[in-house]
Amino acid sequence: MSRKILMLPGDGIGPEIVAEAEKVLNKVNDQFSLGLSFETALVGGAAIEEDDTPLPESTLAKAKEADAILLGAVGGPQWDSLPMAKRPEKGLLGLRSNLQLFANLRPAILYPQLASASSLKPEVVSGLDIMIVRELTGGIYFGQPRGVRELESGERQGYNTYAYTESEIRRIGRVAFEAAQQRGKKLCSVDKANVLEVTVMWREIMEDLKREYPDVELSHMYVDNAAMQLVRAPKQFDVIVTGNMFGDILSDEAAMLTGSIGMLPSASLNAQKQGMYEPCHGSAPDIAGKGIANPLATILSAAMMLRYSLGEEKAAEAIEAAVSKVLDQGLRTADIMSEGAEKVSTRAMGEAVLAAL
Ligand SMILES: NC(=O)c1ccc[n+]([C@@H]2O[C@H](COP(=O)([O-])OP(=O)(O)OC[C@H]3O[C@@H](n4cnc5c(N)ncnc54)[C@H](O)[C@@H]3O)[C@@H](O)[C@H]2O)c1
Ligand SMILES: CC(C)[C@H](C(=O)O)[C@@H](O)C(=O)O
Ligand SMILES: [Mg+2]
């Protein structure tokens, strides 16, 4: 059985980190006889340069055919002045919406070896293991109408629409309840139901779903409080479910609890469990081309791919164990460096994971 993996390196540090993850995937492919075949395509700024569009038809076609996709990152300052529809980020958003990848899983796990790399006190974060379930194809990211219009006064007004249908909320709610059932059985739904009608309905639907999952303890929290609680006492959370934009923000915040955004992987799944896997961070233009980016979030995203889209739990665990081993060996990229550790490059970190496999 051959399974197709599409690699989309993208921009900035994307190609550097995807190269390391690809080596790791190749190695487990051999070790576990996974029958994976790889293809590469352009997305984001790299595709704009080549094809004048952030999501070429050929890339979308390959993405639809693939069993799973591994994406590096898109974007960069050289494309920031383009009109919204032509920006690199539209390539990523287009993939998410075209493939209906509505369920974004962002686990924030603190490796014990990195307790001192977190900006929070070790006792606050030690043992941290939370899962943020972010809705990814709706909400204010995709709501219509949107744009910039001119008012009668002649002043310009920018506007976006925060909208969710009941079915969109229900399907992400189910993913989150099921995730909680397989973990600590606690689900916190994050909203702004004291101000926004759409999230009043969100809260009602989560309450309604609760009856189908009597073993899960459901709580609700306003997003501003959630942002605060995440740094005050993050271990109170097990699974968090929230909309697209709140999830974007809270997951970057959660990343820092684990020491660095360079450690946070993600899975974006559709109803068929086809998935796109990517680190939560961006293209990091400030360090691109220097060979110092942390490839572990991307390597851990490859492990999530094996687990969620390909059903290869053993291979996924092998990668995760290898990552843990290189951290045990004291190897650190600059972002997670601490006293007494050995600072290594992107490539050296990738090679160390390979060796640990
Ligand atoms: N999924 C994606 O493709 C994605 C996600 C976020 C941002 N972006 C895009 O990336 C560009 C830069 O955005 P930003 O600066 O806000 O966010 P960013 O995540 O790219 O960078 C934020 C900070 O984290 C650091 N960082 C990020 N990843 C790292 C890694 N693997 N190792 C070490 N350090 C790392 C960067 O050096 C930077 O200081 C923008 O164009 C943005 O739209 C893309
Ligand atoms: C690049 C951007 C469109 C994207 C998002 O906002 O979803 C990124 O920040 C992410 O978290 O994957
Ligand atoms: Mg983000």
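A compact table of results
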| quantity | calculated |
| --- | --- |
| Residue check, residue 136 within 27 Å of residue 66 (Cα to Cα), open to solvent by less than 10 Å² (accessible area, probe 1.4 Å) and either away from ligand 3 (no atom under 16 Å from the Cβ) or in contact with a Lys or Arg (Cβ under 7 Å, 6 or more places away or on another chain) (or both) | yes |
| Residue, surrounded by the fewest Cβ atoms within 10 Å (Cβ to Cβ), within the range 176-220, restricted to residues that are of a type in the set (S, T, N, Q) and over 23 Å from the mean Cα position of the chain (by Cα) | 194 |
| Selection count, the range 266-290, where residues are under 11 Å from the mean Cα position of the chain (by Cα) and either buried (at least 24 other Cβ atoms within 10 Å of the Cβ) or at pLDDT below 95 (or both) | 8 |
| Subset of the range 61-85 (residues that are in contact with a helix residue (DSSP H, G or I) (Cβ under 9 Å, 6 or more places away or on another chain), assigned to a helix (DSSP H, G or I) and at pLDDT 95 or above) | 63, 64, 78, 79 |
| Every pair of residues 6+ apart whose Cβ atoms lie under 8 Å, when the first sits in the range 263-281 and is among the polar types (S, T, N, Q) while the second is away from ligand 2 (no atom under 15 Å from the Cβ) | 270/100; 274/66; 274/67; 274/68; 274/309 |
| Whichever residue in the range 274-291 is more than 16 Å from residue 89 (Cβ to Cβ) and part of a strand (DSSP E or B) and, among such residues, is farthest from ligand 3 (Cβ to nearest atom) | 275 |
| Top-ranked residue in the range 252-265 [being surrounded by fewer than 24 Cβ atoms within 10 Å (Cβ to Cβ) and assigned to a helix (DSSP H, G or I); ranked as nearest to ligand 1 (Cβ to nearest atom)] | 261 |
| From 66, 61, residue being open to solvent by less than 20 Å² (accessible area, probe 1.4 Å), small (Gly, Ala, Ser) and away from ligand 3 (no atom under 16 Å from the Cβ) | 66 |
| Hits in the range 116-166 - residues which are among the hydrophobic types (A, V, I, L, M, F, W, C) and in contact (Cβ under 8 Å) with a residue 60 or more places away in the chain | 117, 120, 124, 125, 128, 130, 131, 132, 133, 136, 140, 142 |
| Close pairs from the range 84-101: first closer than 11 Å to residue 136 by Cα, partner assigned to a helix (DSSP H, G or I) and within 11 Å of ligand 2 (Cβ to nearest atom), Cβ under 8 Å, at least 6 apart | 93/141; 101/95 |
| Qualifying residue in the range 151-161 (condition: open to solvent by 50 Å² or more (accessible area, probe 1.4 Å) and within 25 Å of residue 181 (Cβ to Cβ)) | no |
| Residue satisfying all of: in the range 305-328; in contact (Cβ under 8 Å) with a residue 24 or more places away in the chain, open to solvent by 10 Å² or more (accessible area, probe 1.4 Å) and not basic (Lys, Arg); farthest from ligand 2 (Cβ to nearest atom) among these | 328 |
| Yes/no for residue 355 being out of contact with any Ser or Thr (no Cβ under 6 Å at 6 or more places or on another chain), away from ligand 3 (no atom under 16 Å from the Cβ) and closer than 30 Å to residue 222 by Cβ | no |
| Count - residues of the range 86-107 that are in a strand (DSSP E or B) and either away from ligand 2 (no atom under 13 Å from the Cβ) or open to solvent by 40 Å² or more (accessible area, probe 1.4 Å) (or both) | 2 |
| Those strands (runs of 3 or more DSSP E) lying entirely in the range 117-169 with at least 2 residues within 23 Å of residue 267 (Cα to Cα) | 129-135 |
| Some residue of the range 39-54 being within 16 Å of ligand 2 (Cβ to nearest atom) and under 21 Å from residue 104 (Cα atoms) | yes |
| Residues satisfying the stated conditions in the range 235-251, i.e. away from ligand 2 (no atom under 15 Å from the Cβ), open to solvent by 10 Å² or more (accessible area, probe 1.4 Å) and either among the hydrophobic types (A, V, I, L, M, F, W, C) or touching a strand residue (DSSP E or B) at 6+ places or on another chain (Cβ under 7 Å) (or both) | 237, 238 |
| Count of residues meeting criterion [at negative phi and either β-branched (Val, Ile, Thr) or within 11 Å of ligand 2 (Cβ to nearest atom) (or both)] in the range 61-75 | 4 |
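The values are calculated or read from the model by the stated rules, or taken from the named source; none is laboratory data. Remember, it's a predicted structure, so these values are computed and weren't measured experimentally. Neighbour counts are summed over all protein chains in view; Cβ atoms, including those assigned to glycine, are modelled from backbone coordinates with ideal geometry. Just so you know, the surface numbers come from the protein's heavy atoms only, side chains and all, with ligands and any DNA or RNA stripped out. Shrake-Rupley method; radii C 1.70, N 1.55, O 1.52, S 1.80 Å.
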